[in-house]
1. Need pairs with beta-carbon distance below 8 Å; first residue under 11 Å from V118 (Cα atoms) and within the stretch 74-90, second among the aliphatic types (A, V, I, L, M) and part of a loop (DSSP other than H, G, I, E, B); sequence gap 6+ or separate chains.
2. Being among the aromatic types (F, W, Y) and at pLDDT 85 or above is the filter; apply it to the stretch 243-280 and report the residue that is surrounded by the most Cβ atoms within 10 Å (Cβ to Cβ).
3. Return only the number of the condition from (1) part of a loop (DSSP other than H, G, I, E, B); (2) out of contact with any helix residue (DSSP H, G or I) (no Cβ under 9 Å at 6 or more places or on another chain); (3) open to solvent by 40 Å² or more (accessible area, probe 1.4 Å); (4) not polar (S, T, N, Q) that L34 does not satisfy.
4. Considering the stretch 217-242 alone, what residues qualify as being in a strand (DSSP E or B) and open to solvent by less than 20 Å² (accessible area, probe 1.4 Å)?
5. Among the candidates R15, R49, which residue alone is part of a strand (DSSP E or B) and within 21 Å of the chain's Cα centre (by Cα)?
6. Y296 versus (1) in contact with a Lys or Arg (Cβ under 9 Å, 6 or more places away or on another chain); (2) without any contact (Cβ under 8 Å) to a residue 24 or more places away in the chain; (3) not acidic (D, E): which is the lone unmet condition?
7. Have a look at D330, D318 and point out the one that is free of Cβ contacts under 8 Å to residues at least 12 places away in the same chain and among the acidic types (D, E).
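The values are calculated or read from the model by the stated rules, or taken from the named source; none is laboratory data. As the structure is a computational prediction, the values presented were derived from the model and not from experiment. We place every Cβ from the backbone using ideal geometry, glycine too, and count neighbours over all the protein chains shown. Please note that ligands, DNA and RNA were not included when accessible areas were found on the heavy atoms of the full protein model with its side chains. Shrake-Rupley method; radii C 1.70, N 1.55, O 1.52, S 1.80 Å.
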Amino acid sequence: SAKLGRQELAYGDERLLGAFDWNNLGRVFDAAKLRFENEKLWVDAFTGRVVLADDHQLNMPNDYDWFSGVYASTRALCPVQETQLFFLARNTELQSPAANAGGAPNAGGPAARDIYTVALRVKSLPGKLGPWDYSAELAGQFGRFRETAGAQAGRNLDHEAFAAHAGGGYTCKNCWGTPRVGLEYNFASGDSDPTDGRHTTFENLFPTNHKFYGYMDLASWQNLHNPRLTLSLKPDKKFTVTADYHLFWLADTHDNFYTVAGARRGGVGATAGKGYGINAGNDSFVGSEIDLVATYTIKPYATAQLGYGHFFVGKYVDQTFAAAGFGSTDADYVYAQVVLNF
């Protein structure tokens, strides 16, 4: 089969490529996609350009930012799991900083880069292991990255990076509420030396990060150590309650603490140049986060959700702003939403 035109590209758990439907404006591509499928496997091959939001104008793709891939999936290789192998390529031209349509809210575009990702993902199939489940994803990257800041600004650097995810859980199907407890660990490499001619920070590409690294959206799959404990309970077939606890460390304090969008976190306003940035002498512990989410299915096409998050400031944040003459404090986050599917 073939699909041409404006479309979502979402694969696996969306750690590297997703629709980002948590955002007010989801992510789409102007792309061409071919699929081969039989009873044993399917393989997608695609190429396209991410579409940019341009307020009051027709949204157009970034002509300088091409994204391509081959994604294969099978259940025949191992009968208890989905096994997926994929290759992704992001090729952004040097002209990219001037690529966006005039007035676009995300004008500026990404820095020039040719980044190639080879990855393996496995996930257990529902019910195949009784009450147990597991998932894992390994990704390695190579290519080039044009640095735009710091001591290597303007240089084309060799890009070498990797990331890993591993998790598992147990569901007590005969217990009241069908409780599940899960534990996972997420890692993504950082850059240990910003002057050595290499770029070793993992490139998160086009993910839906909201699902994985805390609902407060403070981190991405870059320069990160992130253990996560998950508990869920279903008191009623329409009602689910989940609780997550996250711990965050920087993989390397010689690199930045990255935002959920993959940008280097820097000071703004009065803190510009004094707060976030590279703080190599700081403790690597950024903090911890607890998230509580209640979801109720009103109708098959409508769900309501209430969420609360609290971030406990760690030593890295305390030391960063103490050195700049500013204080730091914990943060709270509350949201309520209704989702209609049609």
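1. L88/L16; L88/L205
2. F257
3. Checking L34 against (1) part of a loop (DSSP other than H, G, I, E, B); (2) out of contact with any helix residue (DSSP H, G or I) (no Cβ under 9 Å at 6 or more places or on another chain); (3) open to solvent by 40 Å² or more (accessible area, probe 1.4 Å); (4) not polar (S, T, N, Q), the one that fails is (1).
4. Passing the criteria: L224, N226.
5. Values: R15 fails: part of a strand (DSSP E or B).
That would be R49, the only listed residue that is part of a strand (DSSP E or B) and within 21 Å of the chain's Cα centre (by Cα).
6. (2)
7. Numbers: D330 fails: free of Cβ contacts under 8 Å to residues at least 12 places away in the same chain.
Of the residues listed, the single one that is free of Cβ contacts under 8 Å to residues at least 12 places away in the same chain and among the acidic types (D, E) is D318.
So that you can scan it fast, the table gives a plain yes or no per residue for (1) β-branched (V, I, T); (2) surrounded by fewer than 16 Cβ atoms within 10 Å (Cβ to Cβ); (3) touching a Gly at 6+ places or on another chain (Cβ under 6 Å):
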position	(1), (2), (3)
D291	no, no, yes
G309	no, no, no
G314	no, no, yes
A322	no, yes, no
Y333	no, no, yes
N341	no, yes, no
